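Undergrad: Pasting in a structure now, in structure tokens, and then I'll have a few things to ask.
The values are calculated or read from the model by the stated rules, or taken from the named source; none is laboratory data. The model shown is predicted, which means the values in this text are computed figures rather than measured ones. Cβ placement follows ideal geometry from the backbone for every residue including glycine, while neighbour counts extend to all protein chains displayed.
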Amino acid sequence: MVLSLGMLLLALAAGVTAPSAQAQTSPAAATNANQQQPLAAPTTPASPTLPAQQPEAAPPAIAPTPGAAPAAPQQAGPTASPAAPAAASQAPVASDPAQQPPQAPAQPQTQPQAGPSNGQQQPAPGPGGEANPAAAGQAGPAPAPAQPATPAAAPAPAAEVAPPPSVEELLKPVNALSGAIDAAEKNLEQSPGTQKELATLRTGIEKLETKARTSADALKPRLEEVRSQIDKLGKAPGAEDPPEAPDVAAERQRLNGLAAQIDGAIKKAALIEERARQLISRVQNARAGIFTRFLFSQTDTPLQWRVWQQAGKQLHLAQRQLGYIFGNWWEAAKLSALPLLGIIAAAGALFAGLYFLVTHTIRRRLDRGGSSNPSLPERAAMASWVTLAYALPPMAALALLYAGLDELGLLYWQVARIAQATVLPIVIVIGVLSLARALLQPKRPRWRLFNISDTSARTVNLAILGIVSVFALDHLASSLVRILSLPLSTSIVSAFIASLLYAVFLLVIVRTPLGPPSNAPGAPIARWQPIWLKVLLIALAVVLIGTAMLGFVSLGRYITTQLLTTGAGILLTGVLYIAIRWLAPAPSGDKRGMNEYIGQRLNLDDFGRGQLARIQRGVLIILLFGAALPLLMLSWGFTGAEITSWARAAVFGFEAGGLRISLARILAAVALFAGLLALTRIVQRWLAKEALSEGRIEAGLANSIYTGAGYIGFAVAALAAISYAGFDITSLAIVAGALSVGIGFGLQSIVNNFVSGLILLVERPIKVGDWVKLKEGQGYVRRIAVRATEIETFDRASLIVPNSQLISQTVDNLTHRNLLGRLSINVRVSYFADPDHVMRVLQQVAEKSTLILRHPPPFVVLENLGDNGMDFSLRVYLADINKSLSAQTELRAEIVKSLRAEGINIPFASALAGHATIDTPAGRTFIEIGVAHDSDPDEVLKALREAAVRGDEECNDIHIAFEDIGENALIFSLSVPVAEGVHAGAVRSELRTQAVKCLRERGISLASPQRSIRLRDLDDLRSAMARRNAENAMGFGTDKPDRD
């Protein structure tokens, strides 16, 4: 049943609008027909300009009884009867050229097998001249004693391997193809023929093209072998060189001649292939010319009264012919009455059963299931399978009835042609009405694909029913005109009436309001006013009426056929395309989608289901358009052979600008590239987890090896894929050389950065994991890419630096060779302190720390005698410079405690001091706080941490550091992250507020402009300053040190 439906649908797509079938009846030919003898069949072949007359010669107008044998039609050319072999042999040009190519190459295939047997000398041929060794072995007694030795020696050649075919045998296919292509070209020049003959000729020429290419490919390896043998002989001696051995010279001459013959055959095959392509182009142009003349052939206009008179006179004759045909058929049907009734009953039962099942299923799915407001993809998916469901019962019943009648032998001659002409429009009517009913859904608005009212949906559905009914009747009328050999006036009148009815139904659709109703459920396809659709329908109605009135009958019927087939095909393709979107992941809790079902079976998460949905959509879209395009091309007039040829050329290769492009090889190259790239990733993963992780390989070297392996693998995969796809790498090198000039101007910076990246990977001045300092900032190197290097700062921001900048500018790499580093801490003390004492205190602080190295030992340097005190520097060495921040904080805190315990004063500066705020990159912010020198650093650190976590107990990314011992204060820094969308200034303000509160709660004073700010000592400070100013004014105390 499914096979029958498929055959009917294929017949629909191939025969509805094929111009070759419609071109069988040219209007001009019908005009020249003898109207007094409509039943007479023409015996002369159709001329090239009137190809439509020839098919009318096949059957007579009045069918004989079913038992009578039909007379063989007499036609010339490719359809000549097999009963005349002599005539066919005397006219080789008139034979079918498509049958010659397969015979020519057949000779070299059998010749090598016959070669060894023909070469054996049979000593005793048997009766009748046969020389069979087996027969010789079974013969009677030999007349001479020496005869028994002959049968024993005969089986020896059978065990030997057959020698390779000779050069003549290899060249025979090419010579045969040359004769075949000459015959095909001569046949095309003499008589282009009809559309069917040209299609057959094109198929034969395409076979010649394929065989020529195959023959050339088969000869190329043999030519390479011969040239390799010539190369082994070396260069031929010159005139002044000593002559070579005679046998070597003879072998060289033989090989050169053999190479010349094979090379000539390859070039000849290439010439045949090119001639075949040119002939295919000429055949296509000839078909296009026939099709154009068929469409634009003008007949009498229906406005002439004599056309209607002639058509009216032929109605009685047509009725009598149909009565005679169906009378004979009824007499034949009576002989198979019971089987016929059984077939009709089976078809009716099949229709009734399927109709009940389909109706029940559709009612259950549409009326009781689904959401109250289905989406557009869901409605499109529902319309797709509903269309098939609506078309299944009548299609199945029609297929069963047609197959049953054919099996009973009741479809013969004109009856078969009338049945075919009736079934074809019925199939079109069923398909178009099923699609229209599924899309419009007059009784189910929530499943309606188009957002129009119920009244509009019913009106448009009835109008489409009228259009396809008129099309079916007009198609049946035009077929009866051809079958019964009626005059052209009958076809003109029927086409004119059909055009008027088409226009009426199109105007009904135009007058129907197509706007969306106010209370329509579901989302519309698009919010647009269908004014352009109505304008297009009006123009189409005018064109149909105009073509019928002007006498362009073929053009009008072609337009209506394309209106139904192409329009329905495009509409159905669009609906299926929208329905494919239904495979997207369904909303939470919705388990109806196909993707949801597969995802549950495979236990996939949301991301995996999304990827699966994308793959499904891509594959289904490719399959959809791959199936829709050939069917549309069939309706446009292309033959199946042409579509198959183009598909074969697209898959297996075609010439474009001297380059052969093969889709199959390109897909294989893409697969090869993906496979090699996946292998590269596997090797990289093995290097990262196994080879480079267990040994003593530093992270930078391991990253260089990892990245280099990726570059090499990608380059090898790309070159292998390009070579396999058929592209010449040397040509790419030439193109790359030509592009180097443009690269030098337009892509100079990109190439510079790329080369600099390679230098960084090879020379390794910096590597992944290094701590580097640049003008733009400092941080750790995280990734060296093709164009730029990523540096992660201490604030967790990414600093993207071009590779060329790292090569051309100075970079401070703190961890280039090792992690060993030196730390310098500056301390200022009062001049009243003993320098040796200060140096011992600082040395003891360094020796107590566990973060610094003992070798080299720490040391203290008196660097400067400043304005407010002596500047000392404690210099220590760290095993890991990455821990410098922790070491600085610990050492500064211990220095303050030790100096305070030893009574060593840290002087104040007269400069304005307090706290400062420094902006940081996006993502973090920090503030600096200055406290009095007599403050306990540990208490300050605790107070700042308490201030940072107030209001955000879950904040763990807090950085607090003892930055410096300033001239007037101990300087601490507090850094916290800033959430996305939060203003950094507000965060800093809150930090300052909380820091001041926490410090005051612990009795810690902030730094002041001159002294520490203690509110209880503010009055004493002002009194002391007043007394000092008075003494200075009177000249006292100038020789006393200022201890204030």
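Undergrad: Here's a check for you: in region 788-809, which residue that is surrounded by 16 or more Cβ atoms within 10 Å (Cβ to Cβ) and not hydrophobic (A, V, I, L, M, F, W, C) is farthest from the chain's Cα centre (by Cα)?
TA: Filtering region 788-809 for residues that are surrounded by 16 or more Cβ atoms within 10 Å (Cβ to Cβ) and not hydrophobic (A, V, I, L, M, F, W, C), the one farthest from the chain's Cα centre (by Cα) comes out as Asp795.
Undergrad: Going through region 288-326 one residue at a time, which ones are closer than 24 Å to Leu555 by Cα, β-branched (Val, Ile, Thr) and assigned to a helix (DSSP H, G or I)?
TA: The answer is Ile290, Thr292, Val307.
Undergrad: Quick one: would you say Val358 is among the hydrophobic types (A, V, I, L, M, F, W, C), assigned to a helix (DSSP H, G or I), under 30 Å from Asn328 (Cβ atoms) and in contact (Cβ under 8 Å) with a residue 24 or more places away in the chain?
TA: no
Undergrad: Now for a separate question. If I ask for residues that are touching a residue at least 24 places away in the same chain (Cβ under 8 Å) and within 27 Å of Tyr831 (Cβ to Cβ), which ones from region 844-864 would you list?
TA: Scanning region 844-864 gives Gln844, Val845, Ala846, Lys848, Leu862, Glu863.
Undergrad: Another question, if that's okay. Of all the residues that make up region 969-995, how many are assigned to a helix (DSSP H, G or I) and of a type outside the set (S, T, N, Q)?
TA: Residues meeting the conditions: 9.
Undergrad: Yes or no: Asp919 closer than 28 Å to Lys897 by Cα, within 51 Å of the chain's Cα centre (by Cα) and modelled with pLDDT under 75?
TA: No.
Undergrad: Sticking with this one: Select from region 641-652 the residues that are buried (at least 16 other Cβ atoms within 10 Å of the Cβ) and either more than 22 Å from Leu424 (Cβ to Cβ) or more than 26 Å from the chain's Cα centre (by Cα) (or both) and list them in ascending order.
TA: Ser645, Ala649
Undergrad: Enumerate the strands (runs of 3 or more DSSP E) found wholly within region 810-914, keeping only those where 1 or more residues are within 60 Å of the chain's Cα centre (by Cα).
TA: 821-829, 870-878
Undergrad: Specify the residue that is modelled with the lowest pLDDT; the eligible residues are those in region 686-731 that are of a type outside the set (A, V, I, L, M) and not in a helix (DSSP H, G or I).
TA: The residue in question is Gly695.
Undergrad: Specify the residue that is surrounded by the fewest Cβ atoms within 10 Å (Cβ to Cβ); the eligible residues are those in region 937-970 that are more than 17 Å from Ile825 (Cα to Cα) and modelled with pLDDT under 75.
TA: Glu954
Undergrad: Taking into account only those residues within region 438-493 that are among the basic types (Lys, Arg) and within 44 Å of the chain's Cα centre (by Cα), which is surrounded by the most Cβ atoms within 10 Å (Cβ to Cβ)?
TA: In this case the residue turns out to be Arg448.
Undergrad: Check off (1) among the aliphatic types (A, V, I, L, M); (2) at pLDDT 90 or above; (3) over 42 Å from the mean Cα position of the chain (by Cα) for Ala397 and give me the number that stays unchecked.
TA: Of (1) among the aliphatic types (A, V, I, L, M); (2) at pLDDT 90 or above; (3) over 42 Å from the mean Cα position of the chain (by Cα), only one is false for Ala397: (3).
Undergrad: Please work out which residue is surrounded by the fewest Cβ atoms within 10 Å (Cβ to Cβ), limiting yourself to region 273-332 and to residues that are of a type in the set (Val, Ile, Thr) and more than 22 Å from Thr490 (Cβ to Cβ).
TA: Within region 273-332, the match that is surrounded by the fewest Cβ atoms within 10 Å (Cβ to Cβ) is Thr292.
Undergrad: For Ser518, work out the one condition from (1) loosely packed, with under 15 Cβ neighbours inside 10 Å; (2) under 18 Å from Arg458 (Cβ atoms); (3) at pLDDT below 85 it doesn't fulfil.
TA: Checking Ser518 against (1) loosely packed, with under 15 Cβ neighbours inside 10 Å; (2) under 18 Å from Arg458 (Cβ atoms); (3) at pLDDT below 85, the one that fails is (2).
Undergrad: Taking the condition of being part of a helix (DSSP H, G or I) and in contact (Cβ under 8 Å) with a residue 60 or more places away in the chain, how many residues in region 327-341 meet it?
TA: Residues that pass the stated criteria total 7.
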